[in-house]
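The values are calculated or read from the model by the stated rules, or taken from the named source; none is laboratory data. Predicted model, so just to flag it, every value in this text is computed and none were measured. All Cβ positions, even for glycine, are placed from backbone atoms using ideal geometry, and neighbour counts span all protein chains on display. Side chains included, ligands, DNA and RNA excluded: accessible areas come from the protein's heavy atoms. Shrake-Rupley method; radii C 1.70, N 1.55, O 1.52, S 1.80 Å.
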Number of protein chains: 2
Amino acid sequence: MFSTMQDVPLTVARILTHGATVHGRSTVTTWDGTGPVVRSYAEVGARAARLAHALHDELGVREDTVVATLMWNNAEHLEAYLAVPSMGAVLHTLNLRLPAHQLAYIVNHAADHVVIVDGTVLPLLAGVLPQLGDTLRHIVVNGPYEASLLDGFTGGVHAYEDLIDGRPDAYPWRTDIDERRAAAICYTSGTTGDPKGVVYSHRSVYLHCLQVNAADSFGLTPRDTALPVVPMFHVNAWGMPHAAYMSGANLLMPDRFLQPKPLAEMIDRVRPTVSAAVPTIWNGLLDELDAGGHDTSSLRMVVIGGSACPPALMKGFEERHGIRVVHAWGMTETSPLGTFAQPPGGLTPEQEWPYRLTQGLFPASVEARLIGPGGERMPHDGESAGELEVRGPWIAGAYFAGQGKEPERPEDKFSEDGWLRTGDVGTITPDGYLTLTDRAKDVIKSGGEWISSVELENQLMAHPEVAEAAVVAVPDEKWGERPLATVVLRPGATAGLAELRAFLAERVASWQLPERWAIVEAVPKTSVGKFDKKVIRADYAADRLEVTLLGK
Amino acid sequence: MFSTMQDVPLTVARILTHGATVHGRSTVTTWDGTGPVVRSYAEVGARAARLAHALHDELGVREDTVVATLMWNNAEHLEAYLAVPSMGAVLHTLNLRLPAHQLAYIVNHAADHVVIVDGTVLPLLAGVLPQLGDTLRHIVVNGPYEASLLDGFTGGVHAYEDLIDGRPDAYPWRTDIDERRAAAICYTSGTTGDPKGVVYSHRSVYLHCLQVNAADSFGLTPRDTALPVVPMFHVNAWGMPHAAYMSGANLLMPDRFLQPKPLAEMIDRVRPTVSAAVPTIWNGLLDELDAGGHDTSSLRMVVIGGSACPPALMKGFEERHGIRVVHAWGMTETSPLGTFAQPPGGLTPEQEWPYRLTQGLFPASVEARLIGPGGERMPHDGESAGELEVRGPWIAGAYFAGQGKEPERPEDKFSEDGWLRTGDVGTITPDGYLTLTDRAKDVIKSGGEWISSVELENQLMAHPEVAEAAVVAVPDEKWGERPLATVVLRPGATAGLAELRAFLAERVASWQLPERWAIVEAVPKTSVGKFDKKVIRADYAADRLEVTLLGK
C-alpha cells in the first residue's frame, strides 16, 4: 500500500527559496580583513538568481554542467553554493590547498566548464592553467585581480560583479529535480593515489542539513550566528552554509583570515554562537584567547573534527573561556556528519567527559558496524576493535569516475553489500559511542588479531624518558605481521630498550608486545606533521634501521 | 548526472533499530494513576520484536495488513507504533473520542485486521462490534479487562502480555522497504461527512521526525524527557513518540490521566522538559499550577496547537511559572508540523511577543501560498488574506479510498497542481509568519473580496457592552455574500445596534461593515464550545432571527 503523501523532492532549490524568503532578513557577514561586510539572505537569494541567469545565458551552463569554485568562505561562495545546484548544474568545490598537479587533475577529471575563483587565489589557478584540458571554458573572478595572470587562457574571463549585474532577481529554480541527481562534487585529498570524487545528491545535502540543524548536532536557529572556519571546499564546510541558510541562522564568513588574531577579532565583533574547525585552528585560537583582550562570550559551542582533539585543548576552552567544545567525526565520503559527541542525559559535567572525548554518537541516519580482521562482525561492547563501516542516505556508495561513466566501487572502499569502508579502526560501546584508534592501514594484523599501533605509541610515550614513539606493522613469518617500535629518547635518557619493553609489558597484553625495537633520532613526519609510517616501513624493509630483537 | 550516494530508504524500522540500540538506555515512563512505570528503549525494542513475531506468526499479519490501535499514550502503544510499520504492515491509530458510528466506519473503511486496545477502553470497542464488518479478525487487549465484553466477537481475543511472551527479542525489520509505502493511517475527525484517511509513508514519518528534532522545533535530545499530552491517536501525538525514540529523548506517557491534578503530579515527579497539548488542557493545568504545591521547573517548553491559544494563557505560564509556551499549527493532513512560532533573532522578549502570538514559521520542507477569492496568489505582505495552501514531503496529496483503490483527490481539498487546501484563511508576513483568522467556510466572500468574520467579531467584542458577537456570511443579491452580525449584550447594556455599528465603523474598512444585525440571547455553540455558525446561518435562512438593516 502506498501513502497518500505528496511526492515532493528534497532539493537545494528548496533550501534556497526558503532561506531567501522566510529567512530573508538573516545575514551573511564576510570578514574583509578589517571589518564585516553584511548581506541579507534575501539579497543572497536575489544575487544567486542573477548568477544563475549569467551562468545560463552567458556561459552556457545547462543541466549537469559542472561549475567549480576556488574560493575561501565568503558571501559569493555561498551564492554559488545555492545557485549552481538549484539551476540543475553541479557545484565542484576545488580545494585550494591541493598540490598543483592534483588541482589540475580534479578540474580535468570533473570536466569543469566554469571556475569561479577569488581574486586572491587567482595566482594558484593561473599556475595550473597549462595543465588543464579544454573542458574549462570560463573563469569568473570574485574581487580585484591581476588580469595579466590569465593572459594565456583562451576561454572567457569575467569579473563576478560585472557578470551578474543587471540580471533578474528571480530564476526558475529546479525545485522539481529528481532528488537523487548530483548537486555537488567534492574530491578527497588522499595522500596516496589520485583524489577520489564524491558526488552529493540533492537528497543527501537536504537530509544532512536537517541533521546539522538537529538540537543534538549544530542545532542552528535564526538566533544563531554560525562561523564556519572549516573551509567551504572541505566537505561543504561540514554542512554549515546549507544548514544555516535553511534554518535562518546567520553566517560569519572568515574569507582567508584564518589566523588566530583575525579570528579572535571577528568573534569579538560579530559575536558568532557556533563555530567549527580542525584542532590546529582551535589550538592557535586558544593561545590568542589566553593572551586576553577578546570577548568570546557569544560562543555557545565550537565543533572540532578532522582529527582527534587533545583533551587539554577542549578543557582549555571550557575552563578558561566558558566555550563548550564538541567532538565530531566524519569524512568527505560521509557528507561529513558521521558522529557528534554529545553526552547521554542525567550525568554530571565530570561524568560527561569520557563520552565527550570519544568521537561520539551516530545519528539515526548513519548505521555503523565494525568488521574484524577475518571479515566478521565485531560486537559493540566498547572493547572489540574493527574497521568502521557505515551506511546511510548521505554516505557515499561509490566514487565518481567522470561524466557519463559508471561510478567506481573499489573493494577496499566499499563492502560487497554497499557499505562504506571508512579505513578507520575503533570500538563502539553498547550505547553507541565510537572511539577511533587507528587507521586500518596502520593497525597490526597479528595472527588473526589486531594490535593498535596508536595504543602502543601512547603507552610508550607515557614513559618519562620517551620523547616520541611510532609503532608500525612489519612482516612476520609466523604471525603475518608484528609491531616494530621506533623510539626517540629525550636528551640524557638512561633507559634502555629492555626497560622500555618492561614498562610496556605492565600496560598491554603480552601478545601485543613488540619484539622488534629501534632507537631513532626522529620520527619521519608527513607535510601536516603526522607520523609518516610509510617511511618507517620502507626504512625497515631496506634495512636502514638498527633493530634490536627482544623477547623473541 | 546522478550522485554516488548510497540508496538507503528512510524507514520507521531505522528509527526502531537506532533507538533500541544507540538510545537503549533512554526510557519510556507510563503513568499508572499513582506513579511511574519505567521501561528502557532497549526493552521497548525487544518487546516490539516479540509483538511483531506474534502478529506475524499467530495473527497472520503480512505486508500491508492494517493493525489498529485504540489506546491511550502508554509504552505498549509505543511498541505498536514501532513494530507494525517496521514489519511492513500499516498502523491505524483509532481516535477513541470519535462518535461510535464514525469509529465503526473507519475500522471498516481501513479494513483493520487486528485491533490492539487498552483494557480501559474495551467497552468502547465492544459497543461498536455489532457495526463492524468481517475484516476484523483479532482483538489484542492491553492490561486487565472484562472478558465478557467480547462474548459476541467471533475472531481471536488475546491478552497483550500473553501474546508476546516468550517470543524472540529480534525481528528481521524491513529497513529495506520502499520509503513511499504506507507506515500509518490517521483519519480526520471532520464535523461534516465521513472521516477522511491520511496515509503517512515511511518517508514522511522519518522526515517529520527530523524536523521535530530540529533545534527550532521541539529540539529533542537524550537530555530531554518529552510528555505528549496530545493523544497518540491525534496525528501521531504530533510526531513526539517517533522523534523521541529517534533522538533518545525519554518519554513520559500520561495514559488516560489527562486531568490537571495527575498531570501536575507526574510533571512534578518525573520532571519532563517538553510537552505538547491543545489549549484546553493547558488552561486546566495552569489553574492547577496557580493553586501551588507543584514543582514544574523541569519544563523548558510547552507546545500549544490544535487551536489558537489565548495570549493570557501563554503569559500566565511564562510569568507565573517560568514555562515558555510555543504556538504551533498543523492538521492531520500535515503530519502535523506546519508551523512553529519561534521568534526571529535579535529581539527583546517584549519584541518577540507579536511573532510568538502568530501561528509561526514554516520549516523549509513546508512550502506555503495564499489563494485569494478569485483563485489568485495573494502577496505575503502580512495584510492580504487568502486560503492557505501547503506543499511538502509530509503533506497529504490525497485521501485514502480503501485498500486497493485509487486515492481520492477532492477539488475542495487539493489544488489542481497537488497542493493541500487547508481550509484555513490567513495572512503571511514577508518574513514568513503565518496568522490564521478564519476557516475558509466562515469567511465572507463579498464582491470578490474576503471579509474576516473573526476580525469583525473581535472588534465587536471589544465594545464594553458586548458579551459575545458572532458574524456569519449570508447570501446577498448584489455582493454574493455579506456579513450578518449577531450580538449578545451584557446585562443592563444601553447601547443600540446603531451605536455598535458606529463603534465598528471606526475600526474596520467601510465596505466590511455589516448591514444586517441581530441581538440574540446566546450564540449557538458546538459540542467543543466553538460558535456553531451553521446554526446561525440556518436560523437566518429560516427567518428565525429578528434582523435589523442598518446603512443599506
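Counting only residues that are crowded, with 24+ Cβ neighbours inside 10 Å and closer than 18 Å to residue A:329 by Cα, segment A:275-291 holds 4 of them.
Identify all residues within segment B:167-204 that are of a type outside the set (Gly, Ala, Ser) and open to solvent by less than 10 Å² (accessible area, probe 1.4 Å); write none if there are none.
B:177, B:185, B:186, B:195, B:198, B:199, B:200, B:202
Do we have any residue at all in segment A:393-404 that's open to solvent by less than 50 Å² (accessible area, probe 1.4 Å), within 27 Å of residue A:484 (Cβ to Cβ) and of a type in the set (Phe, Trp, Tyr)? Scanning segment A:393-404, I find no residue that is open to solvent by less than 50 Å² (accessible area, probe 1.4 Å), within 27 Å of residue A:484 (Cβ to Cβ) and of a type in the set (Phe, Trp, Tyr), so the answer is no.
If you check residue A:9 against the conditions, is it touching a residue at least 24 places away in the same chain (Cβ under 8 Å), within 14 Å of chain B (Cβ to nearest Cβ) and under 18 Å from residue A:234 (Cα atoms)? When the stated conditions are applied, residue A:9 does not pass them.
Scanning segment B:518-539 finds one or more residues that are assigned to a loop (DSSP other than H, G, I, E, B) and at positive phi. Does residue B:426 satisfy the criteria of being within 22 Å of the chain's Cα centre (by Cα), under 30 Å from residue B:474 (Cβ atoms) and outside the structural domain of residue B:180 (by TED's automatic domain parsing)? Considered against the rule, which asks whether it is within 22 Å of the chain's Cα centre (by Cα), under 30 Å from residue B:474 (Cβ atoms) and outside the structural domain of residue B:180 (by TED's automatic domain parsing), residue B:426 comes out as yes.
Table: residues versus (1) among the charged types (D, E, K, R); (2) assigned to a helix (DSSP H, G or I); (3) within 14 Å of another protein chain (Cβ to nearest Cβ); (4) without any contact (Cβ under 8 Å) to a residue 12 or more places away in the chain.
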| site | (1), (2), (3), (4) |
| --- | --- |
| A:238 | no, yes, no, no |
| A:251 | no, no, yes, no |
| A:265 | yes, yes, no, no |
| A:299 | no, no, no, no |
| A:320 | yes, yes, no, no |
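Under the condition of being closer than 26 Å to residue B:426 by Cα and either free of Cβ contacts under 8 Å to residues at least 40 places away in the same chain or in a loop (DSSP other than H, G, I, E, B) (or both), the residues counted in segment B:281-297 number 1. Taken over segment A:414-427, residues that are free of Cβ contacts under 8 Å to residues at least 24 places away in the same chain and either open to solvent by 40 Å² or more (accessible area, probe 1.4 Å) or in a loop (DSSP other than H, G, I, E, B) (or both) amount to 2. Scanning segment A:480-494 for residues that are open to solvent by 10 Å² or more (accessible area, probe 1.4 Å), of a type outside the set (Lys, Arg) and farther than 17 Å from residue A:441 by Cα yields a total of 6. When restricted to residues that are open to solvent by less than 10 Å² (accessible area, probe 1.4 Å) and either polar (S, T, N, Q) or away from chain B (no Cβ under 14 Å) (or both), segment A:57-111 contains 21. Here B:502, B:467 are screened, and the one residue that is surrounded by fewer than 16 Cβ atoms within 10 Å (Cβ to Cβ), of a type in the set (A, V, I, L, M, F, W, C) and in contact (Cβ under 8 Å) with a residue 12 or more places away in the chain is B:467. Has segment A:132-152 got any residue that is outside any loop (DSSP other than H, G, I, E, B), open to solvent by 70 Å² or more (accessible area, probe 1.4 Å) and either away from every other protein chain (no Cβ under 14 Å) or farther than 18 Å from residue A:55 by Cα (or both)? No, that holds for no residue. Of all residue pairs spaced 6 or more apart or on separate chains, those with beta-carbon atoms under 6 Å, a first member in segment A:518-546 that is of a type in the set (Ser, Thr, Tyr) and a second member that is open to solvent by less than 40 Å² (accessible area, probe 1.4 Å) and in a loop (DSSP other than H, G, I, E, B) are A:526/A:532. Residue count for segment A:14-40 satisfying the condition of being at the interface with chain B (Cβ under 10 Å from one of its Cβ atoms), open to solvent by less than 30 Å² (accessible area, probe 1.4 Å) and among the hydroxyl-bearing types (Ser, Thr, Tyr): 1. Only a single criterion out of (1) part of a loop (DSSP other than H, G, I, E, B); (2) open to solvent by 20 Å² or more (accessible area, probe 1.4 Å); (3) hydroxyl-bearing (Ser, Thr, Tyr) is not satisfied by residue A:435, namely (1). Selection of segment A:339-366 for residues being touching a residue at least 40 places away in the same chain (Cβ under 8 Å), farther than 23 Å from residue A:184 by Cα and within 21 Å of the chain's Cα centre (by Cα) yields A:340, A:341, A:342, A:356, A:357, A:358, A:359, A:360, A:361, A:362.
The residues on offer are B:535, B:528, and the sole one that is among the hydrophobic types (A, V, I, L, M, F, W, C), surrounded by fewer than 17 Cβ atoms within 10 Å (Cβ to Cβ) and at pLDDT below 90 is B:528. Among A:379, A:336, A:310, which is without any contact (Cβ under 8 Å) to a residue 24 or more places away in the chain, away from every other protein chain (no Cβ under 11 Å) and closer than 23 Å to residue A:439 by Cα? Of the residues listed, the single one that is without any contact (Cβ under 8 Å) to a residue 24 or more places away in the chain, away from every other protein chain (no Cβ under 11 Å) and closer than 23 Å to residue A:439 by Cα is A:379. Within segment A:487-501, being farther than 13 Å from residue A:462 by Cα and outside any loop (DSSP other than H, G, I, E, B) holds for A:497, A:498, A:499.
Just so you know, in segment B:429-455 the residues that are in contact with an Asp or Glu (Cβ under 8 Å, 6 or more places away or on another chain) and farther than 30 Å from residue B:487 by Cα include one that is farthest from the other protein chains (Cβ to nearest Cβ), and it is B:429. Taking the condition over 30 Å from the mean Cα position of the chain (by Cα) and either away from every other protein chain (no Cβ under 14 Å) or part of a helix (DSSP H, G or I) (or both), does residue B:471 pass? No.
Does at least one position in segment B:5-21 carry a residue that is in contact with a Gly (Cβ under 8 Å, 6 or more places away or on another chain), under 29 Å from residue A:397 (Cβ atoms) and among the hydroxyl-bearing types (Ser, Thr, Tyr)? Within segment B:5-21, one or more residues are in contact with a Gly (Cβ under 8 Å, 6 or more places away or on another chain), under 29 Å from residue A:397 (Cβ atoms) and among the hydroxyl-bearing types (Ser, Thr, Tyr). Looking across segment B:353-376 at every residue that is away from chain A (no Cβ under 14 Å) and over 14 Å from residue B:422 (Cβ atoms), the one that is least open to solvent (accessible area, probe 1.4 Å) is identified as B:372.
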